[in-house]
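Derivation of every value follows stated rules applied to the coordinates shown; laboratory data play no part. None of the values given here were measured: they were computed from a predicted structure. Every residue, glycine as well, gets a Cβ built from its backbone with ideal geometry; the counts of neighbours run over all protein chains shown.
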Amino acid sequence: MGSYRGLVRGMIGLKRCQTILQPLHRRSPQLTALSRTSASGTLFNRYLCSVSTTSGGQSDTKTLPKSDYDKGKGDSGSGKTDTSEGQSDTKTLPKSDYDKEKGDSRSGKTGSSKKDVRGGPVSWLSLILLLITGGGIVVYFDREKKRHIEELKSRTSSVKPGPSAGTAAIGGPFKLVDHNGNIKTDKNFLGKWTLIYFGFTHCPDICPDELQKMVTAIDKIKEKTKMEIVPVFISVDPERDTVEQIHDYVNEFHPRLIGLTGKPDEIRQVARAFRVYYMKTDEQDSDYLVDHSIVMYLMNPKMEFVKFFGKNYDVDTLTEGIIKEITAHK
Amino acid sequence: MGSNQGGVMADVLSKGRDNCYKARDAFYACVEKEADKQPTEIATAGLLFPSQCKQSRALYVSSCRASWVRHFDRQFCAKKRVQRLLDSDDSRRGPMTLPQPSTFKT
């Protein structure tokens with residue numbers, strides 16, 4: 001009786017499996033041959049197709065239509081339900097076999113197998129979703145990376161606004177002698193924008209270039225904005241730069257360029273106020289060069305420090321920078 | 001202390017500067033031109049130059065202050081050194097690639 005039932009089950013299962021698995025399993029002719037025998041029939045049933053998702057022998061035939069129904073439902077859900085069905089079949093059939101034959105050693109599993117296993121974990125839909133997710137993640141992070149790099153690039157090149165908590169402590173009171181011999185203090189420069197450059201007259205190439213740049217920028221700014229900026233040249237070599245020396249030197253560049261010099265300790269005080277480094281180098285007899293920081297300081301009409309410009313600015317960028325600061329501080 | 005010369009040192013004013021620059025450029029052009037000749041003469045700051053440029057060197061030294069001559073020589077040597085570093089040494093250099101800026105290689 002049991003074997004007959006098994007045979008019936010096998011035949012029915014076989015028919016169903018054939019319809020499902022025919023396109024997929026190339027070995028199916030052999031399998032169908034195999035399944036003809038009852039012993040391997042059960043094998044075939046066990047591993048290749050399922051007739052029920054629940055346990056119970058009687059319910060086998062009843063569950064058949066149900067599994068067909070499942071198949072129908074599964075089809076709408078996933079693309080290739082055939083494999084999934086096949087797989088679920090392999091999953092569920094052994095369980096039902098066990099249930100029938102043994103006790104409930106795998107009760108937990110059968111409990112879970114009671115639920116409707118639509119398909120296996122892998123299907124065409126899941127593959128598509130995986131590709132979409134993976135591609136989406138890659139594209140998203142790629143964009144994030146590009147944006148981050150752009151940000152870094154722009155951050156190094158753009159000028160950040162200064163901290164809101166005050167300004168740099170650059171500048172301060174000083175008392176020096178100008179190129180005409182008059183004593184000038186920082187108070188004399190109030191009321192107008194000032195551009196201060198520290199250098200010395202015996203400079204081989206840098207100071208002349210910087211001063212030339214400075215006065216050209218000043219003229220350009222005068223053209224563009226009608227603002228007058230006072231260019232100032234402070235010598236860091238007071239021992240050699242006398243008033244006459246400075247006078248002749250600055251007159252060559254611009255009539256409005258003011259040259260300042262003084263006693264060594266006065267110069268030292270100014271240099272400290274403006275954080276300017278200067279040091280005598282290459283000293284041989286009385287001929288030496290002075291190593292110094294190459295900076296132009298822009299001071300506002302209240303003689304407060306606003307911005308500095310280094311050697312990397314050329315005439316046009318210097319002009320732009322100054323105009324920007326002037327308009328910003330209006 | 002006060003200036004020892006008393007007057008204005010004219011060689012740092014623009015005319016003096018221009019003369020110096022001209023002589024300097026002439027001298028360095030000569031050195032570049034005769035780069036294949038054996039440098040036998042000694043300039044300052046470690047610079048050597050071939051004897052063909054002795055005349056321009058004399059003019060250069062006379063037009064410029066000594067400290068300026070040393071300064072320009074030093075500058076020239078540094079420039080030469082950097083150039084040498086950039087031109088040669090390809091054999092010892094490995095692949096120098098920066099990290100890929102984007103996931104998709106364009």
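Quickly work out the A:Glu228-to-A:Phe141 label distance, labels modelled 7 Å from Cα along the C-beta direction, and quote it in nm with one decimal.
Label at A:Phe141, label at A:Glu228, 6.3 nm between them.
Residue separation times 0.36 nm, minus the C-alpha to C-alpha distance between A:Asp316 and A:Lys302: what's the value? Before the final figure, lay out each step's value.
Working: separation 14, 0.36 × 14 = 5.04 nm, distance 2.55 nm.
Stretched fully, the A:Asp316-A:Lys302 segment lengthens by 2.5 nm.
Restricting everything to alpha-carbon atoms, can you work out Rg to Rh for the range A:184-330 with a Kirkwood hydrodynamic radius? Intermediate results must be reported in sequence, preceding the final value.
Values: Rg = 14.9 Å, Rh = 15.6 Å.
For the range A:184-330, the value is 0.95.
Kindly work out what percent of the DSSP beta bridges joining two residues of the range A:177-330 are antiparallel, to the nearest 5. Kindly include the intermediate steps, with their values, before the conclusion.
On the way: 16 of 26 bridges.
Once the DSSP bridges in the range A:177-330 are tallied, antiparallel ones form about 60 percent.
Please give the FRET efficiency for A:Arg268 paired with B:Gln75, using the beta carbon to beta carbon distance and R0 = 30 Å, rounded to the nearest 0.05.
Values: r = 28 Å, r/R0 = 0.94.
Here the calculated transfer efficiency is 0.60.
Using amide H atoms built in the peptide plane, which far-off residues or other-chain residues are under 5 Å from A:Val177 H to H?
For A:Val177, whose amide H was placed from the backbone, the distant partners under 5 Å are A:Lys184, A:Thr261, A:Gly262.
Percentage of Cα-Cα pair distances in the range B:1-86 greater than 22 Å, rounded to whole percent? Present the calculation step by step, with values, prior to reporting the outcome.
Values: 1127 of 3655 pairs.
When every Cα pair of the range B:1-86 is considered, 31 percent fall beyond 22 Å.
Within 10 Å of each Cβ in B:13-25, how many Cβ atoms from other chains are there, averaged over the peptide? Walk me through the numbers before you get to the answer.
Details: counts 7, 7, 1, 0, 5, 1, 0, 2, 3, 0, 0, 2, 0.
Taking the mean over all residues of the peptide, I get 2.
Do any trypsin sites (Lys or Arg not before Pro) in the range A:133-223 lie in a loop, going by DSSP, with at most 15 other beta-carbon atoms within 10 Å of their beta carbon, and if so which?
Values: sites: A:Arg143, A:Lys145, A:Lys146, A:Arg147, A:Lys153, A:Arg155, A:Lys175, A:Lys184, A:Lys187, A:Lys192, A:Lys213, A:Lys220, A:Lys222; in loops: A:Lys192.
Within the range A:133-223, the qualifying trypsin sites (Lys or Arg not before Pro) (loop, at most 15 other Cβ atoms within 10 Å) are A:Lys192.
Go through the range B:36-72 and name the trypsin sites (Lys or Arg not before Pro) that are in a DSSP coil and have 14 or fewer other Cβ atoms within 10 Å of their Cβ. Walk me through the numbers before you get to the answer.
Values: sites: B:Lys37, B:Lys54, B:Arg57, B:Arg65, B:Arg70; in loops: B:Lys37, B:Arg65.
Passing both the DSSP loop test and the Cβ count: B:Lys37.
If you take the beta carbon distance between A:Arg155 and B:Thr40 as r and set R0 to 51 Å, what does 1/(1 + (r/R0)^6) give as a FRET efficiency, to the nearest 0.05? All intermediate terms of the calculation are to be shown ahead of the outcome.
Numbers: r = 53 Å, r/R0 = 1.03.
With a Förster radius of 51 Å, E is 0.45.
When you look at the Cβ of every residue in A:241-248, what mean number of other chain Cβ atoms sits within 10 Å? Mind dumping the intermediate values first?
Numbers: counts 3, 7, 1, 5, 8, 1, 1, 7.
The shielding value for this peptide is 4.
A 22 angstrom limit on the alpha carbon distance is what I want to check against. Which of A:Lys192/A:Lys226; A:Lys280/A:Lys307; A:Lys213/A:Lys302; A:Lys222/B:Lys15; A:Lys213/B:Lys80; A:Lys192/A:Lys224 exceed it? Please report the intermediate quantities before stating the final value.
Values: A:Lys192/A:Lys226 13 Å; A:Lys280/A:Lys307 27 Å; A:Lys213/A:Lys302 24 Å; A:Lys222/B:Lys15 27 Å; A:Lys213/B:Lys80 27 Å; A:Lys192/A:Lys224 17 Å.
In this structure, A:Lys280/A:Lys307; A:Lys213/A:Lys302; A:Lys222/B:Lys15; A:Lys213/B:Lys80 lie more than 22 Å apart at Cα.
Tell me which chymotrypsin sites (Phe, Trp or Tyr not before Pro) from the range A:265-330 have a DSSP coil assignment and no more than 14 other beta carbons within 10 Å of their own. Display every interim value, and only then the final one.
On the way: sites: A:Phe274, A:Tyr277, A:Tyr278, A:Tyr288, A:Tyr297, A:Phe305, A:Phe308, A:Phe309, A:Tyr313; in loops: A:Phe274, A:Tyr277, A:Tyr313.
Qualifying residues, ordered by number: A:Tyr277.
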